[in-house]
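*Asks:* There's a structure below that I have some questions on.
The values are calculated or read from the model by the stated rules, or taken from the named source; none is laboratory data. Treat the numbers as computed from the prediction; the structure is a model and nothing was measured. Reconstructed Cβ throughout: ideal geometry from the backbone, glycine too, with neighbour counts over all protein chains shown.
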């Protein structure tokens with residue numbers, strides 16, 4: 001935006017400088033015409049007219065230098081605008097690509113959530129209602145995780161190893177007994193890898 005503003009400011013400045021050059025050029029041409037026509041006969045007026053033509057020529061040269069300097073600044077600003085526009089387009093392409101990948105990932109995740117939700121409903125329907133109620137309550141209290149795997153004598157919910165007395169209590173518990181962690185209160189899921 002700043003580069004575009006600079007470029008448009010330079011364009012306005014160039015237009016004004018070119019108009020100034022054009023005005024001086026026209027006035028010098030008019031004065032030269034008067035001088036060439038012979039309409040001015042007084043030596044003093046002729047000298048003044050020649051002096052004015054010389055002054056206008058110098059002024060025209062100075063103004064043309066200004067025009068050139070402004071044109072150089074404008075060209076530099078145009079190059080900067082082109083460079084920045086290209087960079088913006090490149091970044092926008094990356095943003096568009098990342099957005100497309102994110103949207104695809106969301107679609108995949110939504111599909112997985114729907115699939116897992118259906119599986120959960122099937123599993124939940126097959127289990128006892130009171131166990132499901134306890135699990136849902138714990139899940140709400142524990143930030144979305146109501147049960148944790150017991151893996152090699154370590155409770156995966158709170159990442160603490162079982163004491164020998166707790167381990168012995170779990171070993172003797174019946175397979176259908178709901179075992180809970182003494183620390184985080186989550187339901188412990190026993191598997192062959194539990195280390196019992």
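*Asks:* Within the range 30-51, can you find the residues that are surrounded by 15 or more Cβ atoms within 10 Å (Cβ to Cβ) and within 19 Å of residue 20 (Cβ to Cβ)?
*Replies:* 31, 32
*Asks:* What tally of residues in the range 182-194 results from selecting those that are surrounded by 17 or more Cβ atoms within 10 Å (Cβ to Cβ), assigned to a loop (DSSP other than H, G, I, E, B) and at pLDDT 85 or above?
*Replies:* So the count comes out to 2.
*Asks:* In a helix (DSSP H, G or I), out of contact with any helix residue (DSSP H, G or I) (no Cβ under 6 Å at 6 or more places or on another chain), surrounded by 10 or more Cβ atoms within 10 Å (Cβ to Cβ) and free of Cβ contacts under 8 Å to residues at least 24 places away in the same chain: is that true of residue 58 in this structure?
*Replies:* Criteria met by residue 58.
*Asks:* Same structure again: Residues to consider are 118, 94, 133; find the one that is more than 36 Å from the chain's Cα centre (by Cα), in a helix (DSSP H, G or I) and modelled with pLDDT of 90 or more.
*Replies:* Of 118, 94, 133, the one residue that is more than 36 Å from the chain's Cα centre (by Cα), in a helix (DSSP H, G or I) and modelled with pLDDT of 90 or more is 118.
*Asks:* Okay, moving on. Mind listing whichever residues of the range 163-181 are over 21 Å from residue 127 (Cβ atoms) and not in a loop (DSSP other than H, G, I, E, B)?
*Replies:* Result: 164, 165, 166, 167, 168, 169, 171, 172.
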